[in-house]
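Below is one structure, written out as structure tokens; the observations come after it.
Read the figures in this text as sums done on the coordinates, not as results from a lab. For clarity, every value in this text was computed on a predicted model and none was experimentally measured. All Cβ positions, even for glycine, are placed from backbone atoms using ideal geometry, and neighbour counts span all protein chains on display.
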Amino acid sequence: MSLPEMPATERGLPGKKIDIGFEGTVVLFGAAVIVLAAVLWSTRGPSTEKTDFSVTYVGARMVHAGQGSILYDIAEQRKVRDSLFAHPNPLIYEHPPFEALLLSPLAGLPYRTAYLLWGLLNALVWLILPYVVRPYAPVPRDALGYFALWFLFAPLGVALYQGQPSLLLLLLYAITFVSLKRGSDVTAGLCLGLGLFKFQFVLPFVLIFLFRRKWRFLTGFLITAVVLAVLSLLAVGWQGVLSYVRLLLKVGSETGNVSYGSATDMGTLQGLVYAILGHRVSHEIVSFIVAAISVFLVLFTAWRWRQQDRQTPVGSFDLMFAGALAVSLVTGFHMHTHDFSPLMLALLLVAAHFPGRHRRALRAVLGITLVLFWIPPLYFGLVAWHSLYLMSPVLIVFALSALKLAQSATEGRLVGGARVLAQ
């Protein structure tokens with residue numbers, strides 16, 4: 001028994017609501033048990049103090065204690081860290097000041113309690129996400145297979161365990177997508193602005209909309225950005241903000257520093273170029289090459305999307321959004337396994353508009369990239385071998401293939417029952 005065929009979705013037309021039925025309810029219950037059990041198990045585990053959340057806790061603790069002005073003083077961070085943990089995480093806190101301020105209430109709690117509460121929040125987000133996305137990407141048809149894809153996408157589990165806000169970023173991208181589909185551009189901009197705690201990914205995406213001249217979206221984004229900037233000033237003051245800028249410049253120039261996250265452990269353009277040329281040419285040349293390729297990808301994506309705006313084939317918006325999301329990730333300068341989490345939305349959107357048999361080459365390329373992203377051991381193996389940068393070419397191929405599929409949408413049934421029209 002197949003799902004009802006989705007309507008000819010396009011920007012401004014939401015996807016068809018899907019009744020999950022008894023099977024979906026049972027699968028959801030099972031998923032909830034697994035996710036919540038994982039959080040409880042992680043909280044009691046011996047390595048909790050070494051998770052990324054411990055670094056976030058240090059930043060929140062300093063703001064909670066009124067030490068915001070010295071938040072980005074590495075020596076002060078280490079003093080606080082060493083006073084809290086017997087086996088601390090060697091990484092430093094390098095997230096924006098407003099994040100530390102917003103999470104500072106958790107810092108008033110014992111560490112494991114704070115980790116548990118944050119984990120439960122992330123677990124709730126994890127369980128909400130499949131139902132936010134499902135009406136727009138009903139693949140596979142059965143609920144069990146659909147939820148299996150969410151469990152197979154390793155970055156989501158890593159984000160949950162590490163206590164990273166990557167699941168929240170995925171939710172914000174999903175709400176942004178739904179808002180844009182409904183024609184609520186300002187709301188979409190407001191929501192995506194909340195994702196500035198991972199600004200390295202959000203800003204390339206916003207640049208694509210800038211070059212597309214989507215002023216209503218940009219208005220919403222700027223409103224949120226201004227509010228978060230004010231919160232940052234309240235958290236650390238002008239001197240703290242300047243210290244943060246200096247820290248970011250230092251992180252960008254010391255790509256091999258393990259405390260900042262080695263570039264070879266990042267699935268970005270910077271990670272790829274640094275791995276190939278980092279020991280042969282200067283940092284300035286590496287930065288120039290990364291910037292040039294990044295600008296090209298952003299401009300190319302914006303140009304292709306503007307072309308599609310004029311033609312508006314059905315399904316094109318979904319695919320362009322997926323391609324732009326992938327571009328925003330690969331051009332971000334700082335990215336680890338958990339940061340792949342927002343890609344889940346792009347993968348499902350492409351799967352929902354998978355090309356027919358008459359487009360064999362595109363079908364093969366997209367099929368291979370989708371399979372690679374849904375192989376959990378691949379991420380862990382690449383991290384163990386300090387080779388996560390090898391995922392960046394896969395990301396680029398996936399992004400460009402999604403843009404190509406959006407351009408060449410033709411009539412015919414696609415996976416998930418969605419249809420596209422001939423140009």
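At a glance:
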read-out	value
For the range 176-302, size of Cβ-based charge dipole, Lys and Arg +1, Asp and Glu -1, in debye	460
Over the chain, relative contact order from alpha-carbon pairs under 8 Å, at least 6 apart, %	21
Hz values of 3J(HN,Hα) by residue in the range 380-395 - Karplus curve (6.51, -1.76, 1.60), Gly and Pro given as x	5, x, 5, 5, 4, 8, 6, 10, 4, 4, 5, 7, 5, x, 5, 4
The range 338-383 shape via C-alpha gyration tensor axes, a/c threshold 1.5	oblate
Ascending count of other beta-carbon atoms within 10 Å, so fewest first, for 52, 309	309, 52
Dipole of the chain, positive end: most advanced residue of 348, 291, 70 [Cβ charges, Cα centre]	348
Exposure proxy ranking, count of Cβ atoms within 10 Å, fewest first, for 126, 215	215, 126
17 Å cut-off, amide nitrogen to a point 7 angstrom out along residue 148 Cα→Cβ, residues in the range 374-396	374-377
Charged-residue dipole, Cβ positions (Lys, Arg, Asp, Glu), the chain about Cα centre, Debye nearest 20	980
Between helix 111-133 and the chain: long-axis angle, C-alpha atoms, 0 to 90°, nearest 10	10
For 51, 113, 337, order by how many other beta-carbon atoms lie within 10 Å, fewest first	113, 51, 337
Within the chain, helix-based [θ] at 222 nm, where runs of 4 or more DSSP H residues each add -39,500 (n - 2.57), nearest 500	-21500 deg cm²/dmol
